[in-house]
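All remarks here apply to the structure that follows.
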Amino acid sequence: MSISITFPDGAVRQYESGVSALDIAKGISEGLARNVLAAKVNGVVVDANRTITADATLQLLTWNDDEGKKTFWHSSAHLLAEALEALYPGVKFGIGPPIDKGFYYDIDFGDQKFGAEDFDKLEAKMNELAKANSSFIRSEVSKADAISYFTEKADPYKLELINDLNDGEITFYQQGNFTDLCRGPHIPNTGFVKAIKVLNTAGAYWRGSEKNKQLTRIYAITFPKRAELDEYLLMLEEAKKRDHRKLGKELEIFTFDDDVGPGLPLWLPNGGAMIEILENFAKKTEREAGYERVKTPHIAKESMYLKSGHLPYYKESMFPPMEMDGDTYYLKAMNCPHHHKIFGALPRSYKELPLRLAEYGTCYRYEQSGELFGLMRVRSLQMNDAHIYCTEEQFEQEFRAVNDLYARYFKVFGIDKYVMRFSTHDPAKLGEKYINNPELWLKTEDMVRKVLINSNIPYVEVADEAAFYGPKIDIQVWSAIGKEFTLATNQVDFAQAERFDLYYINEKSEKERPLIIHRAPLSTHERFIGFLLEHYAGNFPTWLAPKQVAILPISDKYLDYAKDVCNFLKKCDIRAFIDERAEKAGKKIRDAEIAKIPYMLIVGEKEAGSGEVSVRRHGGEDLGAMKQEAFAEHIKKETEI
RNA sequence: GCCGAUGUAGCUCAGUGGUAGAGCACUUCCUUGGUAAGGAAGAGGUCAUGGGUUCAAAUCCCAUCAUUGGCUCCA
């Protein structure tokens, strides 16, 4: 019997029923067949050697397809497991999925030890098994047989997984001497794997729950070509150079000190300068957008956090309380309750709304020790915070205005690689993780969704990630080394107005609850500057650079002229300094280049005589000689934002 | 918090049981120079901290602290 196969380009060809994707590939070219990792039949990814017995659409998946890569890495995880079982008999296997870059396998090593010193051995074994060209053989297994197989192997994890599956949907895959519970699909054989790198190990709780046993997770990556692995490793090296922790040290932005404490950054003068620049920018922008600035203390009494509802949710991650005059005080971990108190301090009319209260508020959060990460996750932080109190009718416009503000900021910084994550509640956790008000949850979530859709903002919606007081939008970005974190946030709060008994008088002279928007588009100084360091790889645009201009006298004979230039630039609000060392120009240039100073002004006999400066841009571009005033003008123009 | 790794001069790092090292940075002197490293000398360390083993510990063992790769968490 013959069947019709439709290819992605629309071509339809006839084949004998029972043909496999691999057969079809071979029919097209041997070269293609060598590269086929899996196939997409009627939209479902399957093994390339699965037989096709009815008319179907077919896409051959290779390394160039994401699904091809995923299949390749998934099979590589099985290869890793096969090697581990050979080297460490009796280890138990958790799960071994592909990830964005490579794959991992969670292993229970029992009494056996596995560490970085064993990576070479494991790689060697994997290479050996890869060369064996073992086919991945699929078999359908009854639940009873599956249970009996893994009972014999005494693997509690696989048994637990099988338990959740139904008879008839269980498949095994075998390659060489290794058999695994797996839904597949897999690449044709292990020989496709040509380059292997075991990257690191980590503890990982079984099924992601702290209550379960911690397994050893082994991360690795594989490629069909040696050269691709080398390229990948090189890229990792490059990424490390952008790491804000490395750059922050090199550019003297921040430091940590054991006597100050973990997660408590010290801002060096360069970091202090950046903070000032960012604040000035934000304050101006927010003033124009109708925000008013407020200022609140760093501590408050327990009663306020009980009222706000934060304490039961976050007590564990607040610094321990202080006892004073018979009262219990906490260091503030969030600014919202303080701001709510400001809203409530005066009688409010609908005419005052929306009321937008902004503060670069300093907060302290007792983050778990294992969470601390450079500037991205710290225990003292200063937030670009504001709370907008508005009526329900004003909500959409206000929420949209906040999103516009993000867009504006992100454009200034050239931030374009991010994902908007819309977090909603889980109805099953009302009253536990979330304020128990089902109608308001649905209503506000609808409002947010509407704004996102109406503004054409791409987003992903995730359930059960909301704040306890309402849904939120987070802007997710990635650090140089690939760690995901929330940069900015925009949250709806329908709970705290009630808790603080906040109200305004509406047109009909009735009391009404305001809706509250929490927003922090520029995140915290800590996280934002950490992010910017990586984003710009330390090469800040001139307006943001803590030091904008290095004045480099050719010799100390021209120091006086250099001082004239420096004073003039400072008067023009340009951040300039003189390299007064008795070094040659070449050395001073090199050091200014390494310090990533945007402009270098070389001043010597020629310039001193003519009142000029010779301008070199960071990176080497020579802008030639110009009058001091012309240079000041040049910088002014460039730093307008 | 949990599992693993790491901790030596300001920075980057050598140093596997026998007198603490290098490069850069710093200080001083010489050199007074033209677009990515001039020369010389000097100073700088309780080898994270506290115990232990040993004739002897940066080195071996234990604990603590910090950093870190992940996991869990994230107002």
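The values are calculated or read from the model by the stated rules, or taken from the named source; none is laboratory data. The structure presented is a predicted model; accordingly, all values stated were derived computationally and were not measured. Cβ atoms come from the backbone with ideal geometry, glycine included; neighbour counts cover every protein chain shown. Note: areas computed on protein heavy atoms with side chains; ligands, DNA, RNA excluded. Shrake-Rupley method; radii C 1.70, N 1.55, O 1.52, S 1.80 Å.
Taking the stated definitions as given, is residue A:27 part of a helix (DSSP H, G or I), surrounded by 12 or more Cβ atoms within 10 Å (Cβ to Cβ), without any contact (Cβ under 8 Å) to a residue 40 or more places away in the chain and not hydroxyl-bearing (Ser, Thr, Tyr)? For residue A:27, the condition - part of a helix (DSSP H, G or I), surrounded by 12 or more Cβ atoms within 10 Å (Cβ to Cβ), without any contact (Cβ under 8 Å) to a residue 40 or more places away in the chain and not hydroxyl-bearing (Ser, Thr, Tyr) - is met. Number of residues in segment A:261-296 that are under 16 Å from residue A:362 (Cβ atoms), open to solvent by 20 Å² or more (accessible area, probe 1.4 Å) and away from RNA strand B (no atom under 16 Å from the Cβ) equals 8.
Within segment A:89-111, residues that are touching a residue at least 12 places away in the same chain (Cβ under 8 Å) and among the aliphatic types (A, V, I, L, M) have Cβ atoms under 7 Å from residues that are loosely packed, with under 13 Cβ neighbours inside 10 Å and assigned to a loop (DSSP other than H, G, I, E, B) in these pairs: A:91/A:110, counting only partners at least 6 apart in sequence or on another chain. Residues satisfying the criterion are present in segment A:229-245 (criterion: within 7 Å of RNA strand B (Cβ to nearest atom) and outside the structural domain of residue A:156 (by TED's automatic domain parsing)). Restricting the first member to segment A:605-632 and to residues that are part of a loop (DSSP other than H, G, I, E, B), and the second to residues that are open to solvent by less than 50 Å² (accessible area, probe 1.4 Å) and within 8 Å of RNA strand B (Cβ to nearest atom), the beta-carbon pairs closer than 7 Å and six or more apart or on different chains are A:618/A:593.
Looking across segment A:394-428, the residues that are crowded, with 17+ Cβ neighbours inside 10 Å, over 22 Å from residue A:528 (Cβ atoms) and more than 20 Å from the chain's Cα centre (by Cα) come down to A:394, A:395, A:398, A:425.
For segment A:567-600, name all the residues that are more than 11 Å from RNA strand B (Cβ to nearest atom) and assigned to a helix (DSSP H, G or I). Scanning segment A:567-600 gives A:567, A:568, A:569, A:570, A:571.
What number of residues within segment A:452-494 are in contact with a helix residue (DSSP H, G or I) (Cβ under 6 Å, 6 or more places away or on another chain), modelled with pLDDT of 90 or more and of a type in the set (Val, Ile, Thr)? Residues meeting the conditions: 1.
Of the residues making up segment A:601-621, not a single one is of a type outside the set (S, T, N, Q), surrounded by 14 or more Cβ atoms within 10 Å (Cβ to Cβ), more than 22 Å from residue A:634 (Cα to Cα) and within 10 Å of RNA strand B (Cβ to nearest atom). State whether the residues of segment A:479-493 include one that is without any contact (Cβ under 8 Å) to a residue 40 or more places away in the chain, of a type outside the set (S, T, N, Q) and open to solvent by 20 Å² or more (accessible area, probe 1.4 Å). Checked segment A:479-493: at least one residue is without any contact (Cβ under 8 Å) to a residue 40 or more places away in the chain, of a type outside the set (S, T, N, Q) and open to solvent by 20 Å² or more (accessible area, probe 1.4 Å). As a summary of the residue check, residue A:539 satisfies the conditions (1) outside any helix (DSSP H, G or I); (2) surrounded by fewer than 22 Cβ atoms within 10 Å (Cβ to Cβ); (3) over 24 Å from the mean Cα position of the chain (by Cα); (4) within 11 Å of RNA strand B (Cβ to nearest atom) except for the one numbered (3). Taking segment A:314-365 as the range and being open to solvent by 40 Å² or more (accessible area, probe 1.4 Å), outside any loop (DSSP other than H, G, I, E, B) and more than 12 Å from RNA strand B (Cβ to nearest atom) as the test, the residues that pass are A:322, A:323, A:324, A:327, A:329, A:341, A:342, A:344, A:350, A:351, A:352, A:356.
Filter segment A:251-260 down to the residues that are more than 7 Å from RNA strand B (Cβ to nearest atom) and either of a type outside the set (Asp, Glu) or open to solvent by 70 Å² or more (accessible area, probe 1.4 Å) (or both), then identify the one that is farthest from residue A:529 (Cα to Cα). Within segment A:251-260, the match that is farthest from residue A:529 (Cα to Cα) is A:259.
Looking across segment A:580-600 at every residue that is exposed (fewer than 14 other Cβ atoms within 10 Å of the Cβ) and touching a helix residue (DSSP H, G or I) at 6+ places or on another chain (Cβ under 9 Å), the one that is farthest from residue A:271 (Cα to Cα) is identified as A:582. Remark: pairs (first residue in segment A:219-244, within 28 Å of residue A:34 (Cβ to Cβ); second residue open to solvent by 100 Å² or more (accessible area, probe 1.4 Å) and among the β-branched types (Val, Ile, Thr); Cβ separation under 8 Å; 6+ apart in sequence or on different chains) are absent.
Of the strands (runs of 3 or more DSSP E) lying entirely inside segment A:72-187, those containing at least 1 residues that are open to solvent by 60 Å² or more (accessible area, probe 1.4 Å) span A:137-140, A:171-175.
Residue check: residue A:375 meets all listed conditions (1) in contact with a helix residue (DSSP H, G or I) (Cβ under 9 Å, 6 or more places away or on another chain); (2) open to solvent by less than 50 Å² (accessible area, probe 1.4 Å); (3) outside any strand (DSSP E or B); (4) not assigned by TED's automatic domain parsing to the domain that holds residue A:514 but one, namely (4).
Of the residues contained in segment A:33-48, one or more are found to be in a helix (DSSP H, G or I) and open to solvent by less than 50 Å² (accessible area, probe 1.4 Å). Residues that are without any contact (Cβ under 8 Å) to a residue 40 or more places away in the chain and of a type in the set (Asp, Glu): does segment A:299-309 have at least one? Yes; the residues of segment A:299-309 include at least one that is without any contact (Cβ under 8 Å) to a residue 40 or more places away in the chain and of a type in the set (Asp, Glu). Taking the conditions exactly as written (farther than 30 Å from residue A:264 by Cβ, at pLDDT 95 or above, buried (at least 23 other Cβ atoms within 10 Å of the Cβ) and within 12 Å of RNA strand B (Cβ to nearest atom)), does residue A:552 satisfy them or not? For residue A:552, the condition - farther than 30 Å from residue A:264 by Cβ, at pLDDT 95 or above, buried (at least 23 other Cβ atoms within 10 Å of the Cβ) and within 12 Å of RNA strand B (Cβ to nearest atom) - is met. Residue under question is residue A:273, and the condition is that it be without any contact (Cβ under 8 Å) to a residue 24 or more places away in the chain and in the same structural domain as residue A:500 (by TED's automatic domain parsing); does it hold? No; evaluated as a whole, the condition is false for this residue.
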